[in-house]
1. Can you name the number of the only condition in (1) more than 17 Å from GLU14 (Cα to Cα); (2) touching a Pro at 6+ places or on another chain (Cβ under 9 Å); (3) part of a strand (DSSP E or B) that LEU328 fails?
2. Which ranges mark the strands (runs of 3 or more DSSP E) fully within the range 255-311 that have 1 or more residues being under 21 Å from HIS152 (Cβ atoms) and in contact with a Lys or Arg (Cβ under 6 Å, 6 or more places away or on another chain)?
3. Which of (1) in contact (Cβ under 8 Å) with a residue 60 or more places away in the chain; (2) surrounded by 14 or more Cβ atoms within 10 Å (Cβ to Cβ); (3) not in a loop (DSSP other than H, G, I, E, B) is the odd one out, the single condition THR319 does not satisfy?
4. Can you tell which of GLU324, GLU307 is open to solvent by 30 Å² or more (accessible area, probe 1.4 Å), touching a residue at least 12 places away in the same chain (Cβ under 8 Å), of a type in the set (D, E, K, R) and under 13 Å from GLY171 (Cα atoms)?
5. Scan the range 217-247 residue by residue and report those that are open to solvent by 10 Å² or more (accessible area, probe 1.4 Å), farther than 17 Å from PRO277 by Cβ and in contact with a Gly (Cβ under 7 Å, 6 or more places away or on another chain).
6. If you go through the range 153-178, how many residues are touching a helix residue (DSSP H, G or I) at 6+ places or on another chain (Cβ under 9 Å) and either part of a strand (DSSP E or B) or among the β-branched types (Val, Ile, Thr) (or both)?
7. Any chance the range 35-56 includes a residue that's open to solvent by 10 Å² or more (accessible area, probe 1.4 Å), within 18 Å of ALA173 (Cα to Cα) and either of a type in the set (A, V, I, L, M, F, W, C) or touching a His at 6+ places or on another chain (Cβ under 9 Å) (or both)?
8. Please pick out the residue among GLU181, GLU139 that is open to solvent by 70 Å² or more (accessible area, probe 1.4 Å), among the acidic types (Asp, Glu) and in a helix (DSSP H, G or I).
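The values are calculated or read from the model by the stated rules, or taken from the named source; none is laboratory data. Remember, it's a predicted structure, so these values are computed and weren't measured experimentally. Here the Cβ positions follow ideal geometry from the backbone for every residue, glycine too, while neighbour counts run over all protein chains shown. These area figures cover heavy atoms from the full protein model, side chains too; ligands, DNA and RNA do not enter into them. Shrake-Rupley method; radii C 1.70, N 1.55, O 1.52, S 1.80 Å.
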Amino acid sequence: MITLKTIDAHAAGEPLRLIVDGFPSPQGRTMLDKREWVRTHSDHLRRALMLEPRGHADMYGAILTEPVTAGSHAGVLFMHNEGYSTMCGHGIIAVTTMALERGLLMPGGDGTTVVYDTPAGTVRAKARFRSSKGDLRVESVAFENVPSFVLHGGLAVKLASRTTRADVAFGGAFYAIVDSEAAGLPIDAAHLPELRRTGMEIKHAIESALAIVHPLDPGLTGIYGTIFTGPPSDAAADLRNVTIFADAEVDRSPCGTGTAAVMAVVDAMGLLSDQRPFVHESLIGTRFNGRVASRVQVGEHDAIIPEIEGAAWITGEHTFLIDEDDPLREGFRL
């Protein structure tokens, strides 16, 4: 019998299951090495916790590791229904909230900043606290993301029913960013089956036509997901979006790394203001706020360092049992 303990939370509606006990310590010199070690040695545990009957097709998870660079407090690996992410914005917000409220990490300085090693690079998160009935609670988390940039702009993508255009941008992972009206798909729950299907079709079409590789890190490859953007439902937001990622998984939040990638596209169009926040709205109406912290170069590409801010809430603590005699011990999907 395998026993695994987790703390669960959500950030803007998107789940995050943090494994805190029972998972082997990932080995490796870099975070990409650690990710590959987990894929090789412990993927059965990912499937058991992400998929049914313990999870569901849209579950998301994380595990803290030993850091790999000086000055970092921890490494973090993210997982989902298909495998492992290179970075996750809502995950950073949720993990930081859990780590600080439950004392899982000892932050430096004033006790509000946590520096993470991720497969995509170093990410610095800063929490804002509030007092609730005598307890200190994390009100929000802002993280300074890895450099975000447009790799390919205005790609023509031929689908079964039409041809649309997509921008491929990096925000910790590579996304195909598509105008929902041009794709003929409203961003609402009623169209989720079509959004899932078309999102995966766009991802596969681009990957079959182009090799998507980070210009400075050949270990960061491929399209992680498709982001459909459109007019917001609330005038206080700049754009509405839904992100279809991994194996047709739907992000309930505005997607942290996706927000960074969308900001890079808007900036390349000359429409991103340095003077006001970029407010990104999700499928369910929740929001992340983004701003440009600084500007850098990534190879030949102009890039921004985005800061993304959002809030998370702890939803439960769980002890999961995996019986070696259970024929469905590694989970399943419908």
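1. Result: LEU328 passes all but (3).
2. Details: elements: 278-281, 287-298, 301-310.
Qualifying strands (runs of 3 or more DSSP E): 301-310.
3. The failed condition is (2).
4. None of the others qualify; the one that does is GLU307.
5. SER233, the sole residue that qualifies.
6. Residues that pass the stated criteria total 16.
7. No - not one qualifying residue is present in the range 35-56.
8. Numbers: GLU139 fails: in a helix (DSSP H, G or I).
Going through GLU181, GLU139 in turn, just one is open to solvent by 70 Å² or more (accessible area, probe 1.4 Å), among the acidic types (Asp, Glu) and in a helix (DSSP H, G or I): GLU181.
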